[in-house]
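Here's the structure we're looking at; comments come further down.
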Amino acid sequence: MNEGEIAKQQVVGWIDAEVVGPMEDFQDSKQEWRRLASELLGTFFLVLVAAGAGMMGQAFPDTIGRAAAVTAPGLMVMAIILFMGKVSGAHLNPAVSLAFAARGDFQWRRVPGYIVVQLLGATLAALFLQAVIDVSAVYGSNYPASGYSAMAAFWMELILTLGLVSVILGTASGAQNIGIIGAFGVGGYIALAGLWGSPISGASMNPARTFGPDLVGADFTDYWVYVAGPVVGAAAAVALGFVLRGRGGGRDGSDAAQGALFTDVAEPDEA
């Protein structure tokens with residue numbers, strides 16, 4: 001066997017291992033549970049920290065300051081992207097899943113499953129916190145500040161989420177949301193947004209993060225703010241992404257949105 005035949009066999013073997021195999025795995029519906037389990041676990045840990053700070057502050061007054069409470073979720077998201085971003089894309093947020101789908105980087109048929117497990121993960125975290133800390137989960141939720149209207153909180157959530165999703169889509173355009181650059185960018189933005197924006201709305205930027213504590217605490221007061229604000233903000237970020245970078249659906253954005261189990265690329269000729 002000459003060198004040319006050996007090289008040909010090596011190429012065929014690589015294609016079978018790296019292309020055909022993953023494609024067959026993707027067609028196997030049993031693979032989707034890995035992505036869903038990743039989203040559930042990631043959202044659980046995000047809400048554990050985000051809601052836990054407020055609930056711990058209620059149980060142990062003067063132990064957790066606002067700066068720590070809003071920085072902790074950013075650090076947690078940074079860690080989650082690093083340890084499971086390659087599995088599911090580390091959305092952790094219904095607004096992010098919707099944005100990736102609207103951008104063309106994520107299949108719409110998979111959005112409902114992601115949103116369901118994100119809400120479930122948030123609810124499980126709130127249940128755990130309420131059982132362990134023994135204070136109501138409402139202390140870990142988000143509500144408009146006293147003296148401010150729900151509409152003011154809506155606009156704050158909208159603009160904060162516009163920035164968050166813009167950072168996510170921007171880092172994803174270079175396939176960085178499954179790497180260290182995306183982790184630092186997204187985690188850093190969440191912390192920064194919380195530092196200046198949390199007094200009015202709580203800087204949720206995430207319908208699931210607020211849903212879990214609201215459900216467990218049985219208080220959905222002004223919850224519409226924390227759905228409408230992030231969703232409209234995410235839609236605006238998608239439109240802004242089109243203006244800045246053109247249409248989505250390319251290899252880089254799809255890698256970041258879907259993880260690395262196998263990436264279904266809508267526009268394979270696009271970066």
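Tell me yes or no: at least one residue of the range 171-191 is under 22 Å from Tyr223 (Cβ atoms) and assigned to a helix (DSSP H, G or I).
Checking the range 171-191: at least one residue is under 22 Å from Tyr223 (Cβ atoms) and assigned to a helix (DSSP H, G or I).
Quick check on the range 101-109. Is at least one of its residues part of a helix (DSSP H, G or I), farther than 19 Å from Ser204 by Cβ and touching a Phe, Trp or Tyr at 6+ places or on another chain (Cβ under 7 Å)?
Within the range 101-109, one or more residues are part of a helix (DSSP H, G or I), farther than 19 Å from Ser204 by Cβ and touching a Phe, Trp or Tyr at 6+ places or on another chain (Cβ under 7 Å).
Between a residue in the range 202-225 that is free of Cβ contacts under 8 Å to residues at least 60 places away in the same chain and any residue that is surrounded by 18 or more Cβ atoms within 10 Å (Cβ to Cβ), which pairs come within a Cβ distance under 7 Å, given they are 6 or more apart or on different chains?
Between residues of the range 202-225 that are free of Cβ contacts under 8 Å to residues at least 60 places away in the same chain and residues that are surrounded by 18 or more Cβ atoms within 10 Å (Cβ to Cβ), the close pairs are Phe220/Asp214; Tyr223/Thr210; Tyr223/Asp214.
Yes/no per residue for (1) under 16 Å from the mean Cα position of the chain (by Cα); (2) under 17 Å from Leu75 (Cα atoms):
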position: Val138; (1), (2): no, no
position: Gly147; (1), (2): no, no
position: Met156; (1), (2): no, no
position: Ile159; (1), (2): no, no
position: Ala172; (1), (2): yes, no
position: Ile181; (1), (2): yes, yes
position: Val186; (1), (2): yes, yes
position: Pro199; (1), (2): no, no
position: Ser204; (1), (2): yes, yes
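Kindly indicate whether any position in the range 202-219 is surrounded by fewer than 17 Cβ atoms within 10 Å (Cβ to Cβ) and either within 18 Å of Phe106 (Cα to Cα) or modelled with pLDDT of 95 or more (or both).
yes
Looking at the structure I just gave you, is Gln10 in a helix (DSSP H, G or I) and modelled with pLDDT under 90?
Taking the combined requirement at face value, the residue satisfies it.
For the range 133-153, which residues satisfy the criterion of being buried (at least 16 other Cβ atoms within 10 Å of the Cβ) and either more than 13 Å from Gly54 (Cα to Cα) or not hydrophobic (A, V, I, L, M, F, W, C) (or both)?
Scanning the range 133-153 gives Ser136, Tyr139, Gly140, Ser141, Asn142, Tyr143, Pro144, Ala150, Ala153.
Of the numbered conditions (1) buried (at least 21 other Cβ atoms within 10 Å of the Cβ); (2) modelled with pLDDT under 95, Ile64 fails exactly one; give the number of that condition.
Checking Ile64 against (1) buried (at least 21 other Cβ atoms within 10 Å of the Cβ); (2) modelled with pLDDT under 95, the one that fails is (1).
Quick one: Gly187 ticks every box in (1) within 19 Å of Phe100 (Cα to Cα); (2) buried (at least 24 other Cβ atoms within 10 Å of the Cβ); (3) among the small types (Gly, Ala, Ser) except a single one, so which number is it?
(2)
Tell me yes or no: at least one residue of the range 227-243 is touching an Asp or Glu at 6+ places or on another chain (Cβ under 6 Å), part of a helix (DSSP H, G or I) and over 25 Å from Gly104 (Cβ atoms).
no
The values are calculated or read from the model by the stated rules, or taken from the named source; none is laboratory data. These numbers come from a predicted model, not from an experiment. Note: ideal-geometry Cβ built from the backbone for every residue, glycine included; neighbour counts use all protein chains shown.
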